[in-house]
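Trainee: Quick one: the structure is below, and I'll ask about it shortly.
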Amino acid sequence: MSANTDTNTPLVSVRGVRKALGGRMVLRGMDLTVARGERVVLVGANGCGKSTLLHVVAGVLDADAGTVQLAPDVAIGFAPEKPDLPEHLSVGEWLDAVAALKGVRAGVAPFGVDELRRRKTTALSLGQKQRVALATAWLGAPELLVLDEPTNALDATTRDDVLARIAAATALVATHDRELADRVATRIVELG
């Protein structure tokens, strides 16, 4: 098998990652791998570094020390816990811009987001913003999803859709939702 299709080859490998935020060491030598087909779910108390690790893996934050290595040509779909959508754009403009950056077509968005395409992001509820952030993460069918509290503020139907889609993907997920962890995880990692 080639390196890109071997299920034992990690899509992401985190080695000795350290990160301080606001003068406080949040990650102290973190090691983690996520192989193709795995759904690694991070759990732990608030402030233990789950979100920070996801931001480092997604490339939003740089590690202070250590390495994050992605398999060649691996596309990541990232959805942060608190979606920060540009206020001057409509949902459709946002999806088109992200699709262009990813080099894909926006196409039909999951989670009922197509019905929101003409609305300004400032006019969205928290649950609608979460749906848009998740749809953005799924754009282009990335090989690795990096999702922070993906079920926050979702209605039951959308929550079930999100869980089903995660269960069919390779993902690194941070959550306080123990039901989510139990339903989708192939491995649960406790941070503390």
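The values are calculated or read from the model by the stated rules, or taken from the named source; none is laboratory data. Treat the numbers as computed from the prediction; the structure is a model and nothing was measured. Glycine gets a Cβ as well: all are built from the backbone with ideal geometry, and neighbour counts include every protein chain shown. What goes into the accessible areas is simple: the full protein's heavy atoms, side chains included, and nothing from ligands, DNA or RNA. Shrake-Rupley method; radii C 1.70, N 1.55, O 1.52, S 1.80 Å.
Trainee: What residue, of 109, 63, is open to solvent by less than 40 Å² (accessible area, probe 1.4 Å), within 26 Å of residue 8 (Cβ to Cβ) and part of a loop (DSSP other than H, G, I, E, B)? Give the derivation first.
Mentor: Values: 109 fails: within 26 Å of residue 8 (Cβ to Cβ).
One residue alone meets the criteria, 63.
Trainee: Would you confirm whether or not region 34-45 contains a residue that is open to solvent by less than 20 Å² (accessible area, probe 1.4 Å), touching a Lys or Arg at 6+ places or on another chain (Cβ under 6 Å) and assigned to a helix (DSSP H, G or I)?
Mentor: Looking through region 34-45, none of the residues is open to solvent by less than 20 Å² (accessible area, probe 1.4 Å), touching a Lys or Arg at 6+ places or on another chain (Cβ under 6 Å) and assigned to a helix (DSSP H, G or I).
Trainee: From the list 12, 17, which one is β-branched (Val, Ile, Thr), under 20 Å from residue 139 (Cα atoms) and open to solvent by less than 30 Å² (accessible area, probe 1.4 Å)? Steps first, please.
Mentor: Working: 17 fails: under 20 Å from residue 139 (Cα atoms).
12 is the lone residue from the list that is β-branched (Val, Ile, Thr), under 20 Å from residue 139 (Cα atoms) and open to solvent by less than 30 Å² (accessible area, probe 1.4 Å).
Trainee: Which of the residues belonging to region 131-168 are at positive phi and not small (Gly, Ala, Ser)? Spell out the reasoning first.
Mentor: Applying the first criterion (at positive phi) to region 131-168 yields 140-141, 149, 153.
Across region 131-168, the qualifying residue is only 149.
Trainee: Being open to solvent by less than 60 Å² (accessible area, probe 1.4 Å), outside any helix (DSSP H, G or I) and in contact with a Ser or Thr (Cβ under 8 Å, 6 or more places away or on another chain) narrows it down to one of 85, 154, so name that one. Show your work before the answer.
Mentor: Values: 154 fails: in contact with a Ser or Thr (Cβ under 8 Å, 6 or more places away or on another chain).
Exactly one of 85, 154 is open to solvent by less than 60 Å² (accessible area, probe 1.4 Å), outside any helix (DSSP H, G or I) and in contact with a Ser or Thr (Cβ under 8 Å, 6 or more places away or on another chain), namely 85.
Trainee: Take the residues in region 143-162 that are aliphatic (A, V, I, L, M) and more than 13 Å from the chain's Cα centre (by Cα); name whichever of them is farthest from residue 43 (Cα to Cα). Steps first, please.
Mentor: Our first condition is that a residue be aliphatic (A, V, I, L, M); within region 143-162, this holds for 144-147, 153-154, 156, 162.
The next check asks that each one be more than 13 Å from the chain's Cα centre (by Cα); those that pass are 153-154, 156.
Details: 153: 18, 154: 19, 156: 22 Å.
In this case the residue turns out to be 156.
Trainee: Also, I was wondering about something else. Considering (1) open to solvent by 40 Å² or more (accessible area, probe 1.4 Å); (2) in contact with a Ser or Thr (Cβ under 8 Å, 6 or more places away or on another chain); (3) touching a residue at least 60 places away in the same chain (Cβ under 8 Å), say which one residue 75 fails and leave the rest.
Mentor: Residue 75 satisfies every listed condition except (2).
Trainee: I've got another one for you. Assuming residue 70 fulfils every condition listed in (1) of a type in the set (A, V, I, L, M, F, W, C); (2) touching an Asp or Glu at 6+ places or on another chain (Cβ under 7 Å); (3) closer than 19 Å to residue 140 by Cα apart from one, which condition is it?
Mentor: Every condition holds for residue 70 apart from (2).
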